[in-house]
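Remarks on the structure that follows.
The values are calculated or read from the model by the stated rules, or taken from the named source; none is laboratory data. For clarity, every value in this text was computed on a predicted model and none was experimentally measured. As a convention, Cβ positions derive from the backbone with ideal geometry for all residues, glycine included, and neighbour counts pool all protein chains shown. Keep in mind that these areas ignore ligands, DNA and RNA; they rest on the heavy atoms of the full protein, side chains included. Shrake-Rupley method; radii C 1.70, N 1.55, O 1.52, S 1.80 Å.
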Amino acid sequence: MAKQEDLFKNVVSHAKEYGFIFPSSEVYDGLSAVYDYAQNGVELKKNIREYWWKSMVQMNENIVGLDAAILMHPTTWKASGHVDAFNDPLIDNKDSKKRYRADVLVEDHAEKIHQKAQKEIDKAKARFGDAFNEQEFVTTNARVIEYLAKEKEIRERLGRSLGNGDLADVKALIEELEIADPETGSKNWTEVKQFNLMFGTKLGASAENAMDLYLRPETAQGIFVNFLNVQKSGRMKVPFGIAQTGKAFRNEIVARQFIFRMREFEQMEMQFFVRPGEEMKSYEYWKETRLKWHLSLGLGKENYRFHDHEKLAHYANAAADIEFNFPFGFKELEGIHSRTDFDLKAHEEYSGRKLQYFDPELNENYVPYVVETSVGLDRMFLAVFATSLKEETLEDGSTRTVLKLPAVLAPTKAAVLPLVKKDGLPEVSRKIIEDLKWDFNVAYDEKDAVGRRYRRQDALGTPFCITVDHQTLEDETVTIRHRDTMKQDRVKITELKGIIENEVSMKNWLMKM
Ligand code: ATP
């Protein structure tokens, strides 16, 4: 555990030191759970966004883009259920003054009991080897039965109390289970209160006639309310999709995991509209397709898993998360939801307008069903960044820090380094940059010994270093060094573009899907 925490600390400090992510308004000591993307971070983030956009919009004839406003008519959030139901139950510890999500405290407690059962199962598995029958063990071993029954009882009671809005019972459950503040051990709790996660704001010049608005807590509703506009103006035929990336805002109760849980974040969402009854086929297709997209980046198959939801949101008839192995364990990276016709029907009801599609093949009108894929851009950034950051011990015993970003996402594709700052080498380097910058982000660096410059580019994740030396003046060749292998090749200047292109082109990476 300690090692994981260290790794995570390294990620946060590397992101700051090398100009990827800064705390927001740091001169005023920052703003909790709000971050700024710095000169390299903004490039990495833009590349992830583009990688997603290309795979969704450019590569699919029946998916188009949209960029809806952050501010929307307030009735939108009444219709979507966010005004009434986008709540988290919170509880404060009176001694430590720390705030928690009451449901998470109970769920974590249930998970600990589950882990105890799992430990018994693992022990038995090790003892019996191939002869082990897990199914039989789980249904006959008294301890395991007891643990799993307890876990089930807790989860069911929590689900019931939350479903009925019985917050007093959630508090009673916390007390009965003797759940303590994870940081201090105190059991001195306040009552449980509902807390709406939407940020409110006002529109209008004077206080009397100002209109109460919300900053959108998800981008999806901008797509739903534009569904018919896009369908008609684009002459789209069901099935078709609308993709969008943009900011969303949530006043998260607990936000202590860097850019994993922010109060202002970015989503990349796609809503796919299908005929009623065809949603499960589409749901399975998008689950598989989205996982393939993630795997194409080469961060390791073992770092992803599906988590199918048992308890479904009010609008869904099937839902799964793609979880990623973050430095603090497996957590949600992307959600894939079959949202039925809930949202479009709700907007029909609240707006009094029809949001239906005339299907010429069936010769009938219907409200389409929707399958949504929703991935957090910042969580993608964290997944890519944290997994790529490596400390390596080299053959000579020295160490290097290297950010092994997928080359397609790297902020800078190549750095051009004159071996020395004289003899015309800087001029030749500049000429190479002039040529390459039309196609790639390239950097120039002449400061310090070349070995140190290599290390700096390694830490920034730059896939190639191009070194200009005296031989370059004679035969127009340079050395090109590969970040991951540190192998150097001598190549002609005219070959550089092709070599870089081959490793960074989105086409080559997306073709791995
Ligand atoms: P969680 O259970 O972690 O709170 P969620 O289920 O509420 O997430 P969704 O509403 O399904 O999340 O949002 C879709 C995606 O948006 C998530 O998979 C995640 O990647 C991203 N996301 C949600 N909340 C945040 C946040 N506070 N900060 C950063 N990304 C977020």
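Annotations for the structure displayed:
- Shape box of the stretch 3-52 [Cα atoms, principal axes, largest first, Å]: 31, 31, 18
- Farthest toward positive dipole pole in the chain [+1 Lys/Arg, -1 Asp/Glu at C-beta], among TYR357, VAL375, ASN196: VAL375
- When each of LYS9/LYS45; LYS247/LYS507; LYS116/LYS331; LYS116/LYS150; LYS3/LYS152 is checked by Cα-Cα distance, pairs over 22 Å: LYS247/LYS507; LYS3/LYS152
- Note on the chain: Cα-Cα pairs beyond 42 Å make up 32% of the total pair count.
- Loop-resident sites, the stretch 400-433, for trypsin sites (Lys or Arg not before Pro), counting at most 12 other Cβ within 10 Å (DSSP): LYS421, LYS422
- Based on alpha-carbon atoms, the Kirkwood radius and the radius of gyration of the stretch 229-285 give Rg/Rh equal to 1.15.
- Over the chain, Cα pairs under 8 Å with separation of 6+ residues give a relative contact order of 14 percent.
- Amide hydrogen neighbours beyond the local backbone of THR201, cut-off 5 Å, H modeled: LEU213, TYR214, LEU215
- Over the C-alpha atoms of the stretch 358-513, the Rg to Rh ratio, Rh being the Kirkwood estimate, stands at 1.19.
- Radius 15 Å from Cβ of GLU503, net charge of other residues (Lys, Arg +1; Asp, Glu -1): +3
- Ranking HIS314, HIS109, HIS82, HIS307 by solvent-accessible area of protein heavy atoms (1.4 Å probe, all protein chains present), from largest to smallest, gives HIS314, HIS307, HIS109, HIS82.
- Phi angles across the stretch 208-217 convert, under the Karplus curve 6.51 cos²θ - 1.76 cosθ + 1.60 with θ = phi - 60°, into 3J(HN,Hα) values of 5, 10, 6, 9, 6, 10, 10, 6, 4, x Hz, Gly and Pro given as x.
- The stretch 87-194 - accessible surface per residue (Å², probe 1.4 Å): 61
- Angle between the chain longest axis and helix 2-17 axis [Cα atoms, degrees, rounded to 10]: 60
- Candidate cross-link partners of LYS421 among the lysines, defined by an alpha-carbon separation under 26 Å and a same-chain spacing of 8 or more, comprise LYS413, LYS431, LYS437, LYS447, LYS487, LYS492, LYS497.
- In percent, rounded to a whole number, the relative contact order of the stretch 270-348 is 26, using alpha-carbon pairs under 8 Å and six or more apart.
- Relative contact order of the stretch 148-255, taken over Cα pairs closer than 8 Å and 6 or more residues apart, is 21 percent.
- FRET efficiency for ASN251 and GLU183, using Cβ-Cβ distance with R0 set to 22 Å, rounded to 0.05: 0.55
- Relative to the dominant Cα principal axis of the chain, helix 142-164 is inclined by about 80°.
- Ranked by the mean number of other Cβ atoms within 10 Å of their residues, highest first, the peptides 489-496, 463-470 come out as 463-470, 489-496.
- Simple label model, 7 Å out from Cα along Cβ direction - LYS281 to SER25, nm: 5.2
- Enclosing the Cα atoms of the stretch 87-194 in their convex hull gives a volume equal to 109 cubic angstrom per residue.
- Helix 167-176 and the long axis of the chain differ in direction by around 80°, with both axes built from C-alpha atoms.
- When ASP169, ASP448 are compared by accessible area at a 1.4 angstrom probe, the order from most to least is ASP448, ASP169.
- Accessible surface of TRP189 - all protein chains present, 1.4 Å probe, nearest 10 Å²: 10
- Compared with the alpha-carbon gap, the fully stretched path from LYS512 to ASP396 is longer by 38.2 nm at 0.36 nm per residue.
- Helical content alone sets the calculated 222 nm signal of the chain at -12000 deg cm²/dmol, taking -39,500 (n - 2.57) per DSSP H segment of four or more residues and averaging over every residue.
- Solvent exposure ordering (accessible area, 1.4 Å, most first) of SER351, SER398, SER186: SER351, SER398, SER186
- The radius of gyration of the Cα set in the stretch 1-108, together with its Dmax, comes out at 19.9, 58 angstrom.
- Were the residues from THR140 through ARG430 laid out at 0.36 nm apart, the gain over their Cα-Cα distance would be 97.0 nm.
- Amide N proximity, the stretch 351-374 versus ASN62 label position 7 Å along Cα-to-Cβ, cut-off under 18 Å: 356-373
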